[in-house]
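What follows is a set of notes on a single structure, which appears directly below.
The values are calculated or read from the model by the stated rules, or taken from the named source; none is laboratory data. Just so it is clear, the structure is predicted and the values come from calculations on it, not from any experiment. Methodologically, a virtual Cβ is constructed for each residue, glycine included, from the backbone with ideal geometry; neighbour enumeration extends over all protein chains shown. Accessible surface areas use protein heavy atoms only, side chains included; no ligands, DNA or RNA. Shrake-Rupley method; radii C 1.70, N 1.55, O 1.52, S 1.80 Å.
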Amino acid sequence: MMKHSLALFLVLTFIAAGCGGNEPRPVDIFPEDLCAGCRMAISDARFASEIIATDGTVHKYDDIGCLLHARQKMPAHEIAAIFVKDYETLAWVPYGRSTIVTAGIHTPMGSGRIAFASADRAAAFVKAHPPEEKTGENCEACTE
């Protein structure tokens with residue numbers, strides 16, 4: 001009886017171990033990384049983001065504007081996960097749980113878009129840094 005219980009325990013342990021950990025995880029940004037959109041160096045982690053494709057390829061971006069532009073072109077079934085950096089904490093946040101705002105600050109490609117894990121923090125930041133009105137003459141990267 002003890003042998004059967006031990007065997008059953010081992011089988012259940014291996015099954016449980018195989019069921020977890022398959023969720024895509026964000027990948028670190030390194031100094032040599034270039035934006036998959038504009039090919040510029042990802043020099044400021046506050047604006048970094050990434051798309052992890054279903055084949056495991058990681059597309060890193062230096063500006064959320066570049067991420068959003070790439071996301072529009074990539075078929076949804078090819079996207080396993082999207083992560084953005086929280087502007088204040090630099091922690092990776094799943095895109096669907098983040099609050100993306102446009103603020104009156106300079107971002108690498110001029111989109112003014114930044115991400116927060118907290119909607120309240122995002123609103124407070126925008127209140128303190130309201131976005132400029134952008135026109136065709138002063139918009140470096142207006143991508144909707």
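Side notes on the structure shown:
- Label-point gap, in nm, between Lys127 and Leu90 - each point 7 angstrom along Cα→Cβ: 2.8
- Computed FRET value (nearest 0.05) for Ile105 with Ala80, which takes r as the C-beta separation and R₀ as 25 Å: 0.25
- Accessible surface ranking that places the most exposed of Val101, Val27 first, with a 1.4 angstrom probe: Val27, Val101
- Kirkwood hydrodynamic radius over Cα pairs of region 59-114, then Stokes diffusion coefficient at 25 °C and 0.890 mPa s, in µm²/s: 206
- Proximal aspartates and glutamates to Lys73, defined as alpha-carbon separation beneath 18 angstrom and excluding residues fewer than eight positions away on the same chain: Glu50, Asp55, Asp62, Asp63, Glu144
- Coupling constants for region 47-63 follow from the phi torsions by the Karplus curve (6.51 cos²θ - 1.76 cosθ + 1.60, θ = phi - 60°), and in residue order they are 10, 6, 7, 7, 10, 9, 7, 4, 7, x, 5, 10, 9, 9, 10, 9, 8 Hz; glycine and proline get x.
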